[in-house]
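Okay, so here's the structure we're looking at.
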Amino acid sequence: MTTFKLTHDWTAAGHDNPEIFHTMANLALHIGHVSLMQNEDIWAKTIRDSVLVSAYPLAMWLASSWWRLNFELLPAHGIAPSIDWRMAHEMGAANHGFVWPKVLFASDCEVMQIWATPSSATLQQSVRYLNGLDTSASIKLADFQRSLEYFITSVLSRLDAVGCRNTDLWNLWQLIQEERADPQSLNYRRVEAELGYDPDECPEAMMDKAQALEQRMGSAALTELAPVYGRAVGDSSLNALQEIIESPGLTGAPDVPSLQKAKSTKGAPWQRAVAVARELRESLSKRDSVIDNKQLYDLLGLSATAVENWMPTARNNAAIAVPKDNNQFKFVPRKPHPMAKRFELARLLGDYILTGNTGSQWLTSTDLSTSRQKYQRAFAAEFLCPIDALQDFLQNDYSESAIEDATEHFQVSPATVNGLLRNNGLIFSPFMGDYADAKLPYQLGV
């Protein structure tokens, strides 16, 4: 896991505002071994490893964005984030007349994902930042929060030492600390952020619906679904989620062998998922052979006829499985195409294993990039189309026609085959691949 280090060296520089004046510093940000604040001072024509700015606006931005920064997720692939979302997740929003590096933060519920790009060579600014990140970096969420806490309290200590007290930052940070210490307030702020709102900005009716859903399905499931049915799609969007929950579905009682690696494997979500998928195949004596539909449906306790005849009643943004009595679930898939439905059911199988096979956890499948959804996608890909078997089938032929043959053989989509090949370095990609979410999700600074 990469390290996150935000350091400062207090210095004197002129400014009328006391909070700004007393917190001028040479600021440096290191992600692993990369210095994201290494810059060219255009006026002085020098290269510096730190930048002369005030720490106060950055600390103020981190505090004012605290809840959304830590709990609001990146929109699904293909959906452009709103200006409001970007203001809570891009460092440039700290503003206050200073030039900040182009750095993006977005949690996946396990880690803070960080993307960064260097300044444009044509940009007419006093400071040009020289470094970006070739791929996204991942910082454990708790480590990221501790680093921010240290930075914010350091700024507050500096202000206190020079007699600058009762600032907006001090009052805001005190409130955040009180809310973090109270489980009920903490949960309320988390749900607000997951829905896409700043503190106290979510409509009361929407929060009431969200809290009622949380009581019914649990906080883990709501965390996966709230961003899909939150602010981005309108204040009444939770009604659509309620309609999915109440809609008809496929009833099944999953029957999955006990898997040791489901609990013991460590690493990134995709690494854990691949290990579990391989162990499940071994337990079924299907190490490299094709998993047919009946075998997949049997693991979920579903009737093949019922699945093949299933069609969603409306276009949905999520698939769910609602726990019933006797370890049964009501599965509500969202994909009508047979191949897409097969992959989605494999994802729900992976989610069932991930959530502990208890029969009490709601299962969810969306287009988001939470750690849970990354796990599902990696599990389904490896379970239905093992990379070793795929390599044996292709025999180093990665042409379009060979990939088409592989999709028909393993009964998966071309996107699944291409994704597996990219992620395992078998075909060229300018990024590490989908497992690592390495690709910059959108262009920064525009």
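If you take the residues in region 328-346 that are assigned to a helix (DSSP H, G or I) and among the basic types (Lys, Arg), which one is nearest to Gln271 (Cα to Cα)?
First, the residues of region 328-346 that are assigned to a helix (DSSP H, G or I): 338-346.
Applying the additional criterion that residues be among the basic types (Lys, Arg) yields 341-342.
Numbers: Lys341: 24, Arg342: 22 Å.
So, considering only residues that are assigned to a helix (DSSP H, G or I) and among the basic types (Lys, Arg), the one nearest to Gln271 (Cα to Cα) is Arg342.
Mind counting the residues in region 258-281 that are in a loop (DSSP other than H, G, I, E, B) and under 21 Å from Ile139 (Cα atoms)? Lay out the reasoning, then the answer.
Of region 258-281, the ones in a loop (DSSP other than H, G, I, E, B) are 258-260, 265-268.
Cutting the leftovers down to under 21 Å from Ile139 (Cα atoms) gives us 265-268.
Summing the residues that are in a loop (DSSP other than H, G, I, E, B) and under 21 Å from Ile139 (Cα atoms) in region 258-281 gives 4.
When you check Asp325 against the structure, is it free of Cβ contacts under 8 Å to residues at least 60 places away in the same chain, out of contact with any strand residue (DSSP E or B) (no Cβ under 7 Å at 6 or more places or on another chain) and either assigned to a loop (DSSP other than H, G, I, E, B) or not assigned by TED's automatic domain parsing to the domain that holds Leu213 (or both), yes or no? Outline the logic, then answer.
Values: free of Cβ contacts under 8 Å to residues at least 60 places away in the same chain: yes; out of contact with any strand residue (DSSP E or B) (no Cβ under 7 Å at 6 or more places or on another chain): yes; either assigned to a loop (DSSP other than H, G, I, E, B) or not assigned by TED's automatic domain parsing to the domain that holds Leu213 (or both): yes.
When the stated conditions are applied, Asp325 passes them.
When the residues of region 20-45 are narrowed to those that are more than 34 Å from the chain's Cα centre (by Cα) and not in a loop (DSSP other than H, G, I, E, B), which ends up surrounded by the most Cβ atoms within 10 Å (Cβ to Cβ)? Break it down into steps so the answer makes sense when it comes.
Step one: filter region 20-45 for residues more than 34 Å from the chain's Cα centre (by Cα), giving 21-22, 41-45.
Subset that is not in a loop (DSSP other than H, G, I, E, B): 21, 41.
Details: Phe21: 16, Asp41: 14.
Among them, the one singled out is Phe21.
Those residues that are in a helix (DSSP H, G or I), within 12 Å of Lys335 (Cα to Cα) and within 31 Å of the chain's Cα centre (by Cα), I need them from region 287-317; list them, please.
Val307
Which condition number does Ile427 fail, the rest of (1) modelled with pLDDT of 95 or more; (2) part of a loop (DSSP other than H, G, I, E, B); (3) of a type in the set (Val, Ile, Thr) being met?
All conditions are met except number (1).
Residue pairs, Cβ under 8 Å, 6 or more apart or interchain, first in region 400-427 and over 17 Å from Gln271 (Cα atoms), second in a loop (DSSP other than H, G, I, E, B) and among the acidic types (Asp, Glu). List them.
Gln411/Asp292
Restricting to region 318-335, give me the number of residues that are surrounded by fewer than 23 Cβ atoms within 10 Å (Cβ to Cβ) and more than 26 Å from the chain's Cα centre (by Cα).
At the first step, the residues of region 318-335 found to be surrounded by fewer than 23 Cβ atoms within 10 Å (Cβ to Cβ) are 318, 322-328, 330, 334-335.
Imposing the further condition that a residue be more than 26 Å from the chain's Cα centre (by Cα) reduces the set to 324-328, 330.
Residues in region 318-335 being surrounded by fewer than 23 Cβ atoms within 10 Å (Cβ to Cβ) and more than 26 Å from the chain's Cα centre (by Cα): 6 in total.
Do we have Glu149 as outside any helix (DSSP H, G or I) and acidic (Asp, Glu) here?
Working: outside any helix (DSSP H, G or I): no; acidic (Asp, Glu): yes.
In short, no.
Got a sec? Which of Leu390, Leu349, Leu368 is in a loop (DSSP other than H, G, I, E, B) and crowded, with 22+ Cβ neighbours inside 10 Å?
It is Leu368.
What pairs come up if the first residue lies in region 46-75 and is basic (Lys, Arg), the second is in a strand (DSSP E or B), and their beta carbons are under 9 Å apart, counting only those six or more places apart or on different chains?
Arg48/Asn26; Arg48/Asn39; Arg48/Glu40; Arg48/Asp41; Arg48/Val127
Can you tell which of Gly196, Gly218 is on the phi > 0 side of the Ramachandran plot and either surrounded by fewer than 22 Cβ atoms within 10 Å (Cβ to Cβ) or in the same structural domain as Ala321 (by TED's automatic domain parsing) (or both)? Write out each step before concluding.
Details: Gly196 fails: either surrounded by fewer than 22 Cβ atoms within 10 Å (Cβ to Cβ) or in the same structural domain as Ala321 (by TED's automatic domain parsing) (or both).
On inspection, the qualifying residue turns out to be Gly218.
Rundown of residues vs (1) of a type in the set (S, T, N, Q); (2) in a helix (DSSP H, G or I); (3) under 24 Å from Val322 (Cβ atoms), yes/no style:
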| residue | (1), (2), (3) |
| --- | --- |
| Arg189 | no, yes, no |
| Glu194 | no, yes, yes |
| Pro199 | no, no, no |
| Cys202 | no, no, no |
| Met207 | no, yes, yes |
| Ala210 | no, yes, yes |
| Gln215 | yes, yes, yes |
| Ala221 | no, yes, yes |
| Val228 | no, no, yes |
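Determine, yes or no, whether Leu133 is buried (at least 18 other Cβ atoms within 10 Å of the Cβ) and either in the same structural domain as His89 (by TED's automatic domain parsing) or out of contact with any Pro (no Cβ under 6 Å at 6 or more places or on another chain) (or both). Explain how you work it out, then say what you get.
Working: buried (at least 18 other Cβ atoms within 10 Å of the Cβ): yes; either in the same structural domain as His89 (by TED's automatic domain parsing) or out of contact with any Pro (no Cβ under 6 Å at 6 or more places or on another chain) (or both): yes.
In short, yes.
Among residues belonging to region 157-180 that are in a helix (DSSP H, G or I) and in contact (Cβ under 8 Å) with a residue 40 or more places away in the chain, point out the one that is farthest from Ala25 (Cα to Cα).
We begin by selecting, within region 157-180, every residue in a helix (DSSP H, G or I); these are 157-161, 168-180.
When the remaining residues are screened for being in contact (Cβ under 8 Å) with a residue 40 or more places away in the chain, the result is 158-159, 168-169, 172-173, 176.
On the way: Arg158: 11, Leu159: 13, Asp168: 19, Leu169: 17, Leu172: 22, Trp173: 21, Ile176: 25 Å.
So the residue we want is Ile176.
If you go through region 242-257 one residue at a time, do you hit one that is hydrophobic (A, V, I, L, M, F, W, C), outside any helix (DSSP H, G or I) and either buried (at least 20 other Cβ atoms within 10 Å of the Cβ) or within 25 Å of the chain's Cα centre (by Cα) (or both)? Give the steps one after another, and end with the answer.
Taking region 242-257 as the starting set, the residues that turn out to be hydrophobic (A, V, I, L, M, F, W, C) are 244-245, 250, 253, 256.
Among the residues that remain, those that are also outside any helix (DSSP H, G or I) are: 250, 253, 256.
When the remaining residues are screened for being either buried (at least 20 other Cβ atoms within 10 Å of the Cβ) or within 25 Å of the chain's Cα centre (by Cα) (or both), the result is 250.
Scanning region 242-257, I find at least one residue that is hydrophobic (A, V, I, L, M, F, W, C), outside any helix (DSSP H, G or I) and either buried (at least 20 other Cβ atoms within 10 Å of the Cβ) or within 25 Å of the chain's Cα centre (by Cα) (or both), so the answer is yes.
Exactly one condition in (1) touching a helix residue (DSSP H, G or I) at 6+ places or on another chain (Cβ under 6 Å); (2) in a loop (DSSP other than H, G, I, E, B) is false for Phe105; which is it?
So the condition that Phe105 fails would be (2).
Identify the single condition in (1) in the same structural domain as Thr117 (by TED's automatic domain parsing); (2) without any contact (Cβ under 8 Å) to a residue 60 or more places away in the chain; (3) surrounded by 18 or more Cβ atoms within 10 Å (Cβ to Cβ); (4) of a type in the set (Ser, Thr, Tyr) that Thr153 does not satisfy, given that it satisfies every other one.
Every condition holds for Thr153 apart from (3).
Out of the residues in region 137-176 meeting the condition of being charged (D, E, K, R) and within 23 Å of the chain's Cα centre (by Cα), tell me which one is farthest from Thr3 (Cα to Cα). Outline the logic, then answer.
So the first thing to find is which residues in region 137-176 are charged (D, E, K, R), and the list is 140, 143, 146, 149, 158, 160, 165, 168.
From what is left, the residues that are within 23 Å of the chain's Cα centre (by Cα) are 140, 143, 146, 149.
Numbers: Lys140: 9, Asp143: 8, Arg146: 12, Glu149: 15 Å.
Here the residue is Glu149.
Would you check if Met217 is touching a Leu at 6+ places or on another chain (Cβ under 9 Å) and under 25 Å from Ser64 (Cβ atoms)? Walk me through it before giving the result.
Details: touching a Leu at 6+ places or on another chain (Cβ under 9 Å): yes; under 25 Å from Ser64 (Cβ atoms): no.
Answer is no for this residue.
The values are calculated or read from the model by the stated rules, or taken from the named source; none is laboratory data. Values in this document were obtained by computation on a predicted structure and should not be read as measured data. All Cβ positions, glycine included, derive from the backbone under ideal geometry; neighbour counts span all protein chains shown.
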